[in-house]
Amino acid sequence: MLVAEFREALGKTTGALSLYDHSMGCTEVALCMAVMAGEEKGPRLDQLLFATFVHDLGKLDPNFQAMLRAVVEGQDLPRQRVKHEASTFDYDHVEKLEASLSEIRDEVKAVLGYEIDLANVDLEMTFAFAVTHHGLFYLSFERDRTGTLRPLIRRQWTVFYPREERRITLTDLLFKYHPLGGLVIIADLVHSYCHEQGRSYQALLGEVSSVGELIERLIEHSDEIEAGLRHYDSRDYGLREMLRLLAGGL
């Protein structure tokens with residue numbers, strides 16, 4: 001279900017890249033980086049690769065797709081602007097993901113030769129990676145008026161929400177999956193940057209000997225990467241600062 005939708009949806013405006021091609025490309029980058037870091041097949045890597053493939057789930061938001069189509073067609077951006085991470089739980093994205101677990105596992109194995117054990121996939125963590133992959137939002141679990149605990153997407157880390165019982169932030173992911181807590185972020189940036197520049201991401205990965213060195217390369221080109229993001233999103237990502245945070249963690 002989701003694999004087909006990813007093929008039909010836009011992922012990047014340059015070259016009208018499909019969401020599928022971007023997602024699978026990011027997953028290949030993530031796998032190469034994990035091998036470079038000495039991570040072996042197991043629960044951590046299964047979770048990280050699955051989360052990488054679906055990190056842009058919110059891009060299926062029809063309003064976000066309209067933004068991308070406008071850029072591809074050279075039209076003015078629509079008035080309604082969407083931050084795709086904040087759309088992760090919108091529409092029927094969650095239900096489609098839950099129905100597509102085996103399909104995603106089989107697709108990753110067919111293309112990359114890596115079989116994800118779905119018993120190691122935690123959907124809460126998967127959504128946390130999706131929500132945090134631009135470093136702007138976090139996942140909050142809050143009890144509504146009916147007493148049901150629901151996941152919500154919040155932005156202000158320093159704000160206390162009375163109904164919040166727990167949260168998963170980027171910091172939590174960096175600690176839990178150290179030294180690869182930023183893997184989804186870096187894989188996304190590497191694939192996006194190389195696609196924008198018409199470069200081979202395999203060649204770029206072959207030029208570095210460690211994940212830390214790769215992040216340093218991204219820091220050098222952070223202005224170019226952020227300029228590419230601003231084709232359809234004018235916000236300030238603070239990209240250089242976030243990359244320095246990840247580099248410092250390594």
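For the reader, a short list of remarks on this structure follows.
- Which listed residue is touching a residue at least 60 places away in the same chain (Cβ under 8 Å), within 20 Å of ASP106 (Cβ to Cβ) and more than 15 Å from the chain's Cα centre (by Cα), from LEU2, LEU57, LEU31: LEU2
- Top-ranked residue of the stretch 78-104 - restricted to ones that are over 21 Å from ASP46 (Cα atoms) and among the small types (Gly, Ala, Ser), ranked as surrounded by the most Cβ atoms within 10 Å (Cβ to Cβ): SER87
- Residues located in the stretch 210-230, provided they are over 17 Å from the mean Cα position of the chain (by Cα) and in contact (Cβ under 8 Å) with a residue 24 or more places away in the chain: SER210, VAL211, GLY212, LEU214, GLU216, ILE219, HIS221, GLU224
- Subset of the stretch 118-138 [touching a Lys or Arg at 6+ places or on another chain (Cβ under 7 Å), among the aliphatic types (A, V, I, L, M) and not in a helix (DSSP H, G or I)]: LEU136
- Selection over the stretch 94-117 of residues that are touching a residue at least 60 places away in the same chain (Cβ under 8 Å) and either in a loop (DSSP other than H, G, I, E, B) or within 23 Å of GLY181 (Cβ to Cβ) (or both) gives a count of 8.
Let's see how each residue does on (1) surrounded by 13 or more Cβ atoms within 10 Å (Cβ to Cβ); (2) assigned to a helix (DSSP H, G or I); (3) at positive phi; (4) free of Cβ contacts under 8 Å to residues at least 24 places away in the same chain:
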| site | (1), (2), (3), (4) |
| --- | --- |
| ARG150 | no, no, no, yes |
| ILE153 | yes, no, no, no |
| PHE160 | no, no, no, yes |
| PHE175 | no, yes, no, yes |
| LEU180 | yes, no, no, no |
| VAL184 | yes, yes, no, no |
| VAL190 | yes, yes, no, no |
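- Residue list for the stretch 180-197, restricted to those being farther than 14 Å from ARG217 by Cβ and not small (Gly, Ala, Ser): LEU180, LEU183, VAL184, ILE185, ASP188, HIS195, GLU196
- Residue tally, condition surrounded by 13 or more Cβ atoms within 10 Å (Cβ to Cβ) and not aromatic (Phe, Trp, Tyr), over the stretch 64-77: 9
Let's see how each residue does on (1) of a type in the set (Gly, Ala, Ser); (2) touching a His at 6+ places or on another chain (Cβ under 9 Å); (3) buried (at least 21 other Cβ atoms within 10 Å of the Cβ):
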{"site": "ALA34", "(1), (2), (3)": "yes, no, yes"}
{"site": "GLY38", "(1), (2), (3)": "yes, no, no"}
{"site": "PRO43", "(1), (2), (3)": "no, no, no"}
{"site": "ASP106", "(1), (2), (3)": "no, no, no"}
{"site": "ALA110", "(1), (2), (3)": "yes, no, no"}
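For (1) modelled with pLDDT under 90; (2) over 29 Å from MET67 (Cβ atoms), each residue gets a yes or a no:
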| position | (1), (2) |
| --- | --- |
| LEU174 | no, yes |
| CYS194 | no, no |
| TYR201 | no, no |
| LEU218 | yes, no |
| ARG240 | yes, no |
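The values are calculated or read from the model by the stated rules, or taken from the named source; none is laboratory data. Treat the numbers as computed from the prediction; the structure is a model and nothing was measured. Glycine gets a Cβ as well: all are built from the backbone with ideal geometry, and neighbour counts include every protein chain shown.
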